[in-house]
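Written out below as structure tokens is the structure these notes cover.
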Amino acid sequence: MKVIDLRSDTVTMPTDEMRRAMFEAEVGDDVYVEDPTVNLLEEKSAVMLGKEAALFTPSGTMSNLLAVLVNTRPGDEMILGSEAHMLAAEVGGASALGGVVMRTVPSEIDGRMDTGIIEQTIRQDNIHFPHSTLLCIENTQNRCGGRVLTTEYTSEVVELAKKHGLKVHLDGARIFNAAVALGVPASKLTAQVDSVSFCLSKGLSAPVGSLLCGRHEFITSARKWRKMLGGGMRQAGIIAAAGIVAIEEMVDRLADDHANAKRLAMGMAELPGITIYPDRVQTNIVLFEPPAKVTPQEFSKLMEDRQVLAKPYGGRKIRAVTNRMVNSSDIEETLGILKQIVKELA
Ligand code: TLP
């Protein structure tokens, strides 16, 4: 029986075309910037996100950390949302390796931070205070349920940061989901920020990798930091080749994941005891709460016993992420299974 894996879009397997491209990839030593396939992936990524340059890294976590390391000095303060992935799930790297204080502004249900609160949070010049040097935003906002930040909001935040001399880094692990949801090119959502990271191995289905994009000097500095972190890769064109297929062929299909997520949420809304807000589902992430008599852990175990995987996601929440390995009939099957579980619990 097929396992319907909704734990994350990171579970997507490379396509046949990716495997072919990997097999045929022309490679060189990327530490000498001599891998033509890595160079091509970096050039194409920079263009797609409206930046001067890009750097291929092993993970979104490393790309985000590099943005912190380049833009801050130990003792500085960075401002980010209380639900930011960089705060919640990147092992405290900014603090442990960058010596940076992470100061939060509440993440709203729609993934934004209130700009008034951001402004109050930015430090004045005072001998006692750390310097606020970096503001981080996330699009789509994972822990708020894949919420999309608009171009207007991004511009507003960047303008505010500029006014106070802060750099802005965008954790765009799922920026192409945001672009597809809004029907705009990704560059429209990223042109304003100083740097942006995005992931190849989530909905885009590549096996490994992330890109960090920004100005030439920024990327030169990030390249040096990447080496220090042990991220200097050699014939990395083997994996970059799959990344090129990901950005060229896999973006438009994200709309299917979004439609499946919406259908899943709408179907769940009809099940007694499940708390879900289908209107909040904009991309491929569905957050819901199980009936009150079970914990999220117990409920996801009941799902797992029936071959449907989803993750408890803090508090009462469970997260289901639609992805290329799950089609619309799997979604119907999931809804049937959930209906059965809810009935048995009643
Ligand atoms: N997110 C993963 C992990 O938390 C397990 C997931 O399943 O959602 N930024 C955002 C917004 C992310 O969601 C993630 C990964 C990252 C950065 C980090 O990327 P990786 O996993 O490549 O280090």
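The values are calculated or read from the model by the stated rules, or taken from the named source; none is laboratory data. Worth saying up front: this structure is predicted, and the values here are computed from it rather than measured. All Cβ positions, glycine included, derive from the backbone under ideal geometry; neighbour counts span all protein chains shown. Please note that ligands, DNA and RNA were not included when accessible areas were found on the heavy atoms of the full protein model with its side chains. Shrake-Rupley method; radii C 1.70, N 1.55, O 1.52, S 1.80 Å.
Provide Rg over Rh for the chain; use the alpha carbon set for both Rg and the Kirkwood Rh (inverse mean inverse pair distance).
Details: Rg = 20.4 Å, Rh = 20.7 Å.
For the chain, the value is 0.99.
Tell me the accessible surface of Arg20 in square angstrom (1.4 angstrom probe, heavy atoms of protein chains only), to the nearest ten.
Counting only protein heavy atoms, the figure is 140 Å².
Estimate the FRET efficiency between Lys162 and Lys188 by the formula 1/(1 + (r/R0)^6), using the beta-carbon distance for r and 25 Å for R0, to the nearest 0.05. Please list the in-between numbers first.
On the way: r = 18 Å, r/R0 = 0.73.
Efficiency, rounded to the nearest 0.05: 0.85.
Kindly sort Thr150, Thr220 by accessible area of their heavy atoms, largest first, with the probe set to 1.4 Å.
Working: Thr150 50, Thr220 95 Å².
Highest to lowest solvent-accessible surface, that is Thr220, Thr150.
So, counting K/R as plus one and D/E as minus one, what does the shell of residues with Cβ under 12 Å around Lys163 add up to? Write down the numbers at each step before the final one.
Values: positive: Lys162; negative: Glu119, Glu156, Glu159.
Net charge in that neighbourhood comes out at -2.
To the nearest 0.05, how large is the calculated FRET efficiency for Val31 and Gln124 if R₀ is 51 Å and r is the Cβ-Cβ distance? List each step's numbers first, then the result.
On the way: r = 43 Å, r/R0 = 0.84.
FRET efficiency, Val31 to Gln124: 0.75.
Working with all protein chains in place, sort Phe129, Phe218 by solvent-accessible area computed with a 1.4 Å probe, largest first.
Working: Phe129 85, Phe218 20 Å².
Putting Phe129, Phe218 in descending order of accessible area: Phe129, Phe218.
Charges at C-beta only: +1 for Lys and Arg, -1 for Asp and Glu. How large is the resulting dipole of the chain about its Cα centre, in Debye rounded to 20? Don't jump to the answer; show the numbers that get you there.
On the way: 38 positive and 44 negative charges, 140 e Å.
With Lys and Arg at +1 and Asp and Glu at -1, about 680 debye.
Taking a probe of 1.4 angstrom, what is the accessible area of Glu304 in Å², to the nearest 10?
That residue has around 100 Å² of solvent-accessible surface.
Which helices, counted as full DSSP H runs in the chain, have an axial Cα extent of no less than 15 Å and a Kyte-Doolittle average of 1.6 or above? Each step should come with its number before you reach the end.
Values: long enough: 36-48 (18 Å, 0.17); 60-71 (17 Å, 1.22); 151-163 (18 Å, -0.60); 216-228 (19 Å, -1.15); 237-249 (17 Å, 1.66); 254-269 (23 Å, -0.13); 328-345 (26 Å, 0.06).
Those that pass (Cα extent of 15 Å or more, hydropathy at least 1.6) are 237-249.
For Asp114, what charge total do you get from the other residues with a beta carbon under 12 Å from its beta carbon, if Lys and Arg give +1 and Asp and Glu give -1?
Neighbour charge sum, excluding Asp114 itself: -3.
Set the Förster radius R0 to 22 Å, insert the Cβ-Cβ distance between Asp16 and Ser328 as r into 1/(1 + (r/R0)^6), and round the FRET efficiency to 0.05. Provide the component values of the computation, followed by the final result.
Numbers: r = 21 Å, r/R0 = 0.97.
According to the calculation, E is roughly 0.55.
Give the ranking of Phe23, Phe176 by solvent-accessible surface, highest area first, calculated with a 1.4 Å probe. Let's see the in-between values first.
Values: Phe23 180, Phe176 10 Å².
Sorted descending by solvent-accessible area, the residues read Phe23, Phe176.
Can you list the residues, at least 5 places off or on another chain, whose amide H is less than 5 Å from the amide H of Val105, using H built in the peptide plane?
The list, which skips near neighbours in sequence, is Leu80, Gly81, Ser82.
Please compute P(r) over all alpha-carbon pairs of segment 253-345, binned at 5 Å starting from zero, and give each bin as a whole-number percent.
Calculated P(r), rounded to whole percents: 3, 15, 27, 29, 18, 6, 1, 0.
Which value, in Å² and to the nearest 10, is the accessible area of Arg123 when all protein chains are kept and the probe is 1.4 Å?
Estimated to the nearest 10 Å², Arg123 gives 80 Å².
Could you work out the local net charge near Met78, counting Lys and Arg as +1, Asp and Glu as -1, over the other residues with Cβ closer than 10 Å to its Cβ?
Working: positive: Arg103, Lys167; negative: Asp76, Glu77.
Counting the neighbours of Met78, the net charge comes to 0.
At what distance in nm do the modelled label points of Glu270 and Glu24 sit from each other, each positioned 7 Å from its Cα along Cα→Cβ?
Output for this residue pair reads 4.6 nm.
Kindly write out, for segment 116-122 in residue order, the coupling ³J(HN,Hα) from the Karplus curve 6.51 cos²θ - 1.76 cosθ + 1.60 (θ = phi - 60°), rounded to whole Hz, with x marking Gly and Pro.
With coefficients 6.51, -1.76 and 1.60, one gets x, 5, 4, 4, 5, 7, 5 Hz.
Return the percentage of antiparallel bridges among DSSP beta bridges fully within the chain, rounded to the nearest 5 %.
Details: 18 of 36 bridges.
So the antiparallel bridges amount to about 50 percent of the total.
Looking only at segment 236-255, which residues have a backbone nitrogen under 19 Å from a spot 7 Å from the Cα of Lys2 in the C-beta direction?
The answer is 253-255, whose backbone nitrogens lie closer than 19 Å to the label point.
For a quick check: with amide H placed at 1.01 Å from N, whose amide H comes under 5 Å from Ser132's, ignoring anything fewer than 5 positions away on the same chain?
Glu77, Arg123
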